[in-house]
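The values are calculated or read from the model by the stated rules, or taken from the named source; none is laboratory data. Being a predicted model, the structure only gives us computed values, none of them experimental. A quick note on method: Cβ atoms are made from the backbone with ideal geometry, for glycine too, and the neighbour counts reach across all protein chains shown. What goes into the accessible areas is simple: the full protein's heavy atoms, side chains included, and nothing from ligands, DNA or RNA. Shrake-Rupley method; radii C 1.70, N 1.55, O 1.52, S 1.80 Å.
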Amino acid sequence: MRIRIHHITLCPGTEGEGSIPFIENAEVQIDANRIVYAGTSVSAPQFTADESMDGEGCLCMPGMVNLHTHTPMTYLRSVGADLVLSDWLNKAIFPLEKQWDADLIRSATNLGCMEMLRFGTTSFNDMYFYTDVMSQAVEQNGMRAMLGHGIVDFDESCRDMVEGVEMAEKWNHAANDRIRFSLAPHSEGATTPKLLARVTETAKKMGLPIHIHVSETEADVKGCWKRHGKTPPAFLEEIGLLDSPVIAAHCVWCDERDITILQKHGVTIAHNPISNLKLASGVAPISRMLKKQCKVAIGTDGVASNNNLNLWEELKLMPMLQKGVTLDPTVVTPAQTLAAATSVGAKALGYNDLGMLKAGYLADLILLDLNKPHMNPQIDLESNLIYSAQGSDVRLTMVDGKVLYRDGRFTTLDRDTLLAQAREGAQTMRRRLDSVQA
Ligand SMILES: [Zn+2]
């Protein structure tokens, strides 16, 4: 399929330097799953398209990357809201998570993907269970995802580890390379040193990245000090885990030495400002991390600690929080913020041809409606984009050259069925839990 999107304002994307570029009277030409041209219409080469889309009044920009989530947790939306973290996990979340089955995971994954597509997210990085079913769902719904089977082993049985490796062998680079795999040990505190050593060795051998929660709460850091006499980043460095490409979720409780370690090893920090606020974990020192040239991307975390998968909320909150905490409005720029939602996350997923709209890059893009009251006037479009835009302004979402969402319609997912399944599925899980507890 050859697609031409014209009459657009083009945002080719950014790696975080300077200000965000915009090109008026532009067009994008797509052949199969690749962009062959992105620039002004005047200098565009001749292109015969199967479909020509008029994007008048729209901004065409790279699709967003949600770099840390647990997608099936859509079915746990609002479960245990406003509890303290330990009660939230142990009393509300964990008991319900024992009630999953493959069908529920499939529909909960698709509900999450539908929500992400609606809000312009084209890729996500996930850590959860039933990754075989999740991979099947992603294969069919057309999104791009890096999945990792959550490894939580206290008994050193390495059961999760074995399954994680099996799934990676089965699915890494599947679905035209839309699906990739990581190894995903939950965190230092929810695993053993022996297991983390095995993960480190296996990741190197298989060439897989590692996705792990790091220093999410003050208790995580205190526990690590008690167990190992150092902070989680220092411990992970010591055992060699940071020598692989690593996506470290949260990094809220990091001191200057931790930040230096993360920078030195090229770790990508997945910042989840809303989850960190909702669970009262704190505010990550993002401005100091950016100042030290750390790679910072953003994520929603699971729906249960958010309550949605609308990455535009994180996009606004990331700079706002840093301004408020440092009392300095210049600490995080719009370009750094947009990069955190696009190009930085794309690289962390292992792609060198994703996260920007350039010739040769993968065609993952969105159209954003600029003809909205809150987007006008356009005195400073980059400020409008970061501080005014809403997820609901997304009119079209394309992944790998295929339109998956357009003006209220999903092309691979049935909205009404998924909504009915969500209500039913949540009740099923609750009923199962009640019968276990009775
Ligand atoms: Zn998480």
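Within segment 310-345, the set of residues being open to solvent by less than 10 Å² (accessible area, probe 1.4 Å) and within 23 Å of L183 (Cα to Cα) comprises A340, A341, T342, S343, G345. Just one of the listed residues (P273, P209, P245, P193) is in contact with a strand residue (DSSP E or B) (Cβ under 9 Å, 6 or more places away or on another chain) and under 28 Å from D155 (Cβ atoms), namely P209. Note on segment 13-125: enclosed strands (runs of 3 or more DSSP E) holding 1 or more residues that are open to solvent by 10 Å² or more (accessible area, probe 1.4 Å) are 23-31, 34-40, 51-54.
Out of everything in segment 273-302 that is in a loop (DSSP other than H, G, I, E, B) and polar (S, T, N, Q), what residue ends up being farthest from G207 (Cα to Cα)?
S281
Restricting attention to segment 400-438, the residues being β-branched (V, I, T), under 19 Å from T74 (Cα atoms) and either in contact with a Lys or Arg (Cβ under 7 Å, 6 or more places away or on another chain) or open to solvent by 50 Å² or more (accessible area, probe 1.4 Å) (or both) number 2.
Which of the residues belonging to segment 346-399 are part of a helix (DSSP H, G or I) and open to solvent by less than 10 Å² (accessible area, probe 1.4 Å)?
Start the filter on segment 346-399 by keeping residues that are part of a helix (DSSP H, G or I), which leaves 346-348, 373-375, 381-388, 391-393.
If the condition is that a residue be part of a helix (DSSP H, G or I) and open to solvent by less than 10 Å² (accessible area, probe 1.4 Å), then A346, M375, L385, I386, G391, D393 are the ones that fit.
In this structure, V133 does not satisfy being touching a Cys at 6+ places or on another chain (Cβ under 9 Å), in a helix (DSSP H, G or I) and not charged (D, E, K, R). In summary, S123 fulfils each of the numbered conditions (1) among the small types (G, A, S); (2) on the phi > 0 side of the Ramachandran plot; (3) in contact with a Lys or Arg (Cβ under 7 Å, 6 or more places away or on another chain) with the single exception of condition (2).
The set of residues in segment 211-237 that are surrounded by fewer than 16 Cβ atoms within 10 Å (Cβ to Cβ) and acidic (D, E) contains only E218. Test L208 against the stated conditions and say whether it is surrounded by 22 or more Cβ atoms within 10 Å (Cβ to Cβ), touching a residue at least 12 places away in the same chain (Cβ under 8 Å) and assigned to a helix (DSSP H, G or I). Criteria not met by L208.
Condition check: within 14 Å of the ligand (Cβ to nearest atom), within 24 Å of V199 (Cβ to Cβ) and either in a helix (DSSP H, G or I) or not acidic (D, E) (or both). Does A270 satisfy that? Taking the combined requirement at face value, the residue satisfies it. Tell me whether segment 44-55 contains one or more residues that are over 19 Å from Y361 (Cα atoms) and within 22 Å of the chain's Cα centre (by Cα). No: zero hits. Applying the condition of being surrounded by fewer than 21 Cβ atoms within 10 Å (Cβ to Cβ) and more than 18 Å from K292 (Cα to Cα) to segment 238-258 and asking which residue is nearest to the ligand (Cβ to nearest atom) yields P245. Pairs are defined by a Cβ separation below 6 Å, a sequence spacing of at least 6 or placement on different chains, a first member in segment 292-312 that is touching a residue at least 24 places away in the same chain (Cβ under 8 Å), and a second member that is within 11 Å of the ligand (Cβ to nearest atom) and open to solvent by 10 Å² or more (accessible area, probe 1.4 Å); the pairs so defined are T300/N306; G302/H70; G302/M73; V303/M73; A304/M73; S305/L279. Is there a residue being open to solvent by 60 Å² or more (accessible area, probe 1.4 Å) and closer than 25 Å to D255 by Cβ anywhere in segment 162-176? No.
Quick check on segment 195-203. Is at least one of its residues within 16 Å of the ligand (Cβ to nearest atom) and surrounded by 15 or more Cβ atoms within 10 Å (Cβ to Cβ)? No, that holds for no residue. Could you say whether any residue in segment 342-353 is aliphatic (A, V, I, L, M) and within 16 Å of the ligand (Cβ to nearest atom)? Looking for residues that are aliphatic (A, V, I, L, M) and within 16 Å of the ligand (Cβ to nearest atom), one finds at least one in segment 342-353, hence yes. Assessment of segment 81-89 against the conditions (in contact with a strand residue (DSSP E or B) (Cβ under 8 Å, 6 or more places away or on another chain) and of a type in the set (A, V, I, L, M, F, W, C)) yields no matching residue. A count restricted to segment 143-152 and to residues that are surrounded by 21 or more Cβ atoms within 10 Å (Cβ to Cβ), without any contact (Cβ under 8 Å) to a residue 60 or more places away in the chain and not in a strand (DSSP E or B) stands at 0. Selection of segment 280-301 for residues being open to solvent by 20 Å² or more (accessible area, probe 1.4 Å) and either over 10 Å from V252 (Cβ atoms) or within 13 Å of the ligand (Cβ to nearest atom) (or both) yields A280, R288, L290, K291, K292, Q293, K295.
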